[in-house]
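Participant: Here it is: the structure, laid out below.
Bear in mind these aren't lab numbers, they're just calculated from the coordinates by the rules spelled out. Keep in mind the model is a prediction, meaning the values are calculated, not measured. We place every Cβ from the backbone using ideal geometry, glycine too, and count neighbours over all the protein chains shown.
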Amino acid sequence: MIKSLYNSPSLVYIALIFGIICIGFSAIFVKLANVPGSVSAFYRILVAAVAILPIWIYKGTKVPPKRDLWLIFIGAFFFSLDLFLWNTAILLTSAATATLLANNAPVWVGLISLVVFRERLAPRFWYGLLVALVGLNVLIGLQSWATMQFNLGDVLSIVAGFFYALYLTFTLDSRKRIDTITFMTFSILFMVVILFFINLTLGNPFTGFTRQTWMSLVGLGLVSHFAGWVAINFALGHLKGANVSVTLLAQSVVTALVAIPILGEAITTNQIIGGILILGGIYIVNRRSK
């Protein structure tokens, strides 16, 4: 009975929707915390580590093979840079824009596959890339190209998406061989160490925050990272990866809608049109031929 419920399609889609809502609050928590991006990234991962370690211990403390550990470490390094840059970008631009621009990872993955692995890409990739680039220009504003003055937050969000694509590229095989909890545990532990030293190097404070900041940081780690990604990884184990990656684009919509009442952010016409084009382009890139 329990096993059939665990594998039921309804539960899988409920988990996916729940996960998307959770990660959709990521930018909101970062804005509310209002601390340096590397600090909020560190506590996001540290809180998630505290939550996942007991589960990993209960399941038997499995340790991945040495080769997979190296891949997880490299992936954790790139994911740490992604969170550092994205959390910093959120403080420099709107939560909706930062989330939307950072979701360009599928396009970056395609380009990395082409340049590094010499993979031949389907025509739909180039169509999707073109649509996404048009949307990117609309969202950032064509006047930015005329004056060559770009919002630093927008630029950091785009670069963050590139590092997230590297994370996905390096960990793809390991995620197939290693169970979700073990993979997430070691990835999170590596990231805690990496982000700790990044903050130490930058001289950022680890304490002395307000109650709202601490509550936001706990929410970021417990809701957005732990609950959100455990739910999404559960869905990935039962659904096609391409379908999930497209569905995850709804994170941008959740963030934009929640940012209106909580952060008082207004959605501009450029954001709506550019956002639709970017999401449409990424959808085309991920769409499989029938």
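Participant: Output the direction-averaged projected area (hull surface divided by four) of the convex hull of the alpha-carbon atoms of the range 90-132, in nm². Provide the component values of the computation, followed by the final result.
Facilitator: Working: hull surface 14.5 nm².
The Cα convex hull of the range 90-132, projected and averaged over all directions, gives 3.6 nm².
Participant: If you don't mind, another one. Select one label from (i) 116; (ii) 154; (iii) 138: the one whose number is volume of the Cα convex hull per residue in Å³ as derived from the coordinates shown.
Facilitator: The calculated read-out lines up with (ii).
Participant: Provide the packing ranking of 109-120, 70-81, i.e. peptides ordered by the mean count of other C-beta atoms within 10 Å per residue, highest first.
Facilitator: Numbers: 109-120: 13.2, 70-81: 21.2.
Top to bottom by mean Cβ count within 10 Å: 70-81, 109-120.
Participant: Would you mind computing, in nm to one decimal, how far apart the modelled labels at L202 and F117 are, each placed 7 Å from Cα along Cα→Cβ?
Facilitator: Distance between the two pseudo-spin positions: 3.1 nm.
Participant: OK, next. Using only alpha-carbon positions, what ratio does the radius of gyration of the range 49-208 give when scaled by 2.2 N^0.38 Å?
Facilitator: Details: Rg = 18.1 Å, N = 160, 2.2 N^0.38 = 15.1 Å.
Rg over 2.2 N^0.38 Å, computed on Cα atoms: 1.20.
Participant: When a/c reaches 1.5 or more, the comparison of a/b and b/c decides; with that in mind, is the range 1-131 rounded, prolate or oblate per its Cα gyration tensor?
Facilitator: Details: a/c = 1.36, a/b = 1.14, b/c = 1.20.
Note, shape of the range 1-131 comes out rounded.
Participant: Run the helix sum for the chain: -39,500 (n - 2.57) per DSSP H stretch of 4+ residues, divided by residue count, reported at 222 nm to the nearest 500 deg cm²/dmol. List each step's numbers first, then the result.
Facilitator: Working: 16 runs with 225 residues, N = 290.
Result for the chain: -25000 deg cm²/dmol, rounded to the nearest 500.
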